[in-house]
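Novice: Before we start, here is the structure in question, set down as structure tokens.
The values are calculated or read from the model by the stated rules, or taken from the named source; none is laboratory data. All figures in this text were calculated on a predicted structure; none of them were measured in a lab. Cβ placement follows ideal geometry from the backbone for every residue including glycine, while neighbour counts extend to all protein chains displayed. Just the protein is used for accessible areas: all its heavy atoms, side chains included, with ligands, DNA and RNA removed. Shrake-Rupley method; radii C 1.70, N 1.55, O 1.52, S 1.80 Å.
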Amino acid sequence: MKYKTTKKATKENYRNIIGVGAVDLYYLLKFTEPAAYTCGVYGWNADVYDFDNVAIVAGYRPFGNITPDYDIVEKYNKLGKEIYEEEHDPSKDWNEEQEEKENRLNQLIKEFIEEVTK
């Protein structure tokens, strides 16, 4: 379950904060639960995803010290979509197949973070 946090607290707790729009990394983050969320006078602002002391802040009002290039975000979300939408193989157990997709998406998230933080 995610907890409520603030922009200030997030900036104090993470050295690298990647800010993206609400659905920019929809498929890449599909199996990932946010650690926290921020809100303000207009309601929900963004979800905060924690990846080994790097935060991805995705929302209507994201923030961060890293704003990735549109083409990089689009590339990784497209790769995530391809993994997520792969056809089910009837010879495989559905749960094992989902776990494999989740592991592949987690690896892709690591590659995304590495690319945008270098």
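Novice: Out of the range 3-15, which residues are of a type in the set (Lys, Arg) and exposed (fewer than 13 other Cβ atoms within 10 Å of the Cβ)? Write out each step before concluding.
Specialist: The first filter runs over the range 3-15 and keeps only residues of a type in the set (Lys, Arg), leaving 4, 7-8, 11, 15.
4, 8, 15 - these are the residues of the range 3-15 that are of a type in the set (Lys, Arg) and exposed (fewer than 13 other Cβ atoms within 10 Å of the Cβ).
Novice: Considering only residues that are free of Cβ contacts under 8 Å to residues at least 60 places away in the same chain, out of contact with any Gly (no Cβ under 8 Å at 6 or more places or on another chain) and part of a strand (DSSP E or B), which ones fall in the range 38-55?
Specialist: If the condition is that a residue be free of Cβ contacts under 8 Å to residues at least 60 places away in the same chain, out of contact with any Gly (no Cβ under 8 Å at 6 or more places or on another chain) and part of a strand (DSSP E or B), then 39, 40, 43, 48, 49, 50 are the ones that fit.
Novice: Assess whether residue 10 counts as being closer than 28 Å to residue 100 by Cβ and not in a strand (DSSP E or B). Even if it seems obvious, please write down each step before you answer.
Specialist: Working: closer than 28 Å to residue 100 by Cβ: no; not in a strand (DSSP E or B): yes.
For residue 10, the condition - closer than 28 Å to residue 100 by Cβ and not in a strand (DSSP E or B) - is not met.
Novice: Scan (1) more than 23 Å from residue 5 (Cα to Cα); (2) of a type in the set (Phe, Trp, Tyr); (3) touching a helix residue (DSSP H, G or I) at 6+ places or on another chain (Cβ under 8 Å); (4) modelled with pLDDT of 95 or more for the single condition residue 84 breaks and write down its number.
Specialist: (4)
Novice: Any residue that is more than 24 Å from residue 115 (Cβ to Cβ) and either among the polar types (S, T, N, Q) or open to solvent by 90 Å² or more (accessible area, probe 1.4 Å) (or both) - is there at least one of those in the range 65-82? Break it down into steps so the answer makes sense when it comes.
Specialist: If we filter the range 65-82 for residues that are more than 24 Å from residue 115 (Cβ to Cβ), which is where we start, we get none.
The answer is no, given that none of the residues of the range 65-82 is more than 24 Å from residue 115 (Cβ to Cβ) and either among the polar types (S, T, N, Q) or open to solvent by 90 Å² or more (accessible area, probe 1.4 Å) (or both).
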